[in-house]
Structure formats: C-alpha cells, structure tokens
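Structure first, then comments.
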Amino acid sequence: MSDITFLYVTAPNGEIAARMARALVQEKLVACANILAEMRSVYQWEGNVEIAAETPIIFKTTADAATAARDRIVALHPHEVPCVVALPIEKHGSNAGFLDWINDNVQP
C-alpha cells in the first residue's frame, strides 16, 4: 500500500476546477477531487497586490502518483505559476478503509 498524499490546488473558477478534476479522475491519477466553494485570494504578483476569486480543489492520490498528478495539473492549469501543494496524510488517526480506497483507485 502506498502512502497517501492530498494535493491542494487553486483554480481561477469552478469550470476549470471541474475540468481538471474530471481529467485526473478519469486518468486514474487521483481517486477523488473535492471542489470547494469559491474564495477570495490576496497575493503578490509581479510587484502588485492582487485580489482575485479562486476555486480551491483537494485532489486525493497516492505518494507514488503525486508527481504525475502534479505535472498533469500544471499542464491543464491556465496560470503561469499554479498553486499545487502536496500534503502527506498520516495513517495514524485516518480511516484505513478510506486510505485503501484511494490506493485501489489510483494507477501511477
């Protein structure tokens, strides 16, 4: 069984988030994607403070497939420098059956 990794990603809108989520699930790079409600982000970009709407996504995958999933997200994402952050999941305290389900539904 591979370790589990969640990828936290932000997309410019829900349509792009859904398109990326569908592609990664269909390609079995992730078992699941949670598209969250739109949020506002405040950040520095090219010397300016920007405020923009973004849609966060949590992709659930294995550590073995995380790099391939990240590369696919970057390829599909319209931003020059998309937010893609890997978060390792602790087995202790997690639902082992859910972690098994992720492993069963990802093919690196």
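Computed from the coordinates by the stated procedures, all read-outs in this text should not be read as laboratory data. Here the structure is a predicted model, which is why all the values come from computation and not from measurement. Here Cβ is always computed from backbone atoms with ideal geometry, including for glycine, and neighbour counts include all displayed protein chains.
Only one of the listed residues (Ala69, Ala86, Ala75) is assigned to a strand (DSSP E or B), under 15 Å from the mean Cα position of the chain (by Cα) and under 26 Å from Asn13 (Cα atoms). That residue is Ala86. If you go through the stretch 65-108 and keep only what is exposed (fewer than 15 other Cβ atoms within 10 Å of the Cβ) and among the polar types (S, T, N, Q), you end up with Thr67, Ser94, Asn95, Gln107. Scanning the stretch 1-27 for residues that are surrounded by fewer than 16 Cβ atoms within 10 Å (Cβ to Cβ) and closer than 10 Å to Ala69 by Cβ turns up just one, Glu27.
Quick check on my filter: what residues within the stretch 3-19 are among the aliphatic types (A, V, I, L, M), closer than 15 Å to Cys83 by Cβ and outside any helix (DSSP H, G or I)? Spell out how you get there, then give the answer.
Within the stretch 3-19, the subset among the aliphatic types (A, V, I, L, M) is 4, 7, 9, 11, 16-18.
The next check asks that each one be closer than 15 Å to Cys83 by Cβ; those that pass are 7, 9, 11, 16-17.
Leu7, Val9, Ala11, listed by residue number.
If I filter the stretch 45-63 for residues that are of a type outside the set (Ser, Thr, Tyr), touching a strand residue (DSSP E or B) at 6+ places or on another chain (Cβ under 8 Å) and not in a strand (DSSP E or B), do I get at least one hit? Yes - at least one qualifying residue is present in the stretch 45-63.
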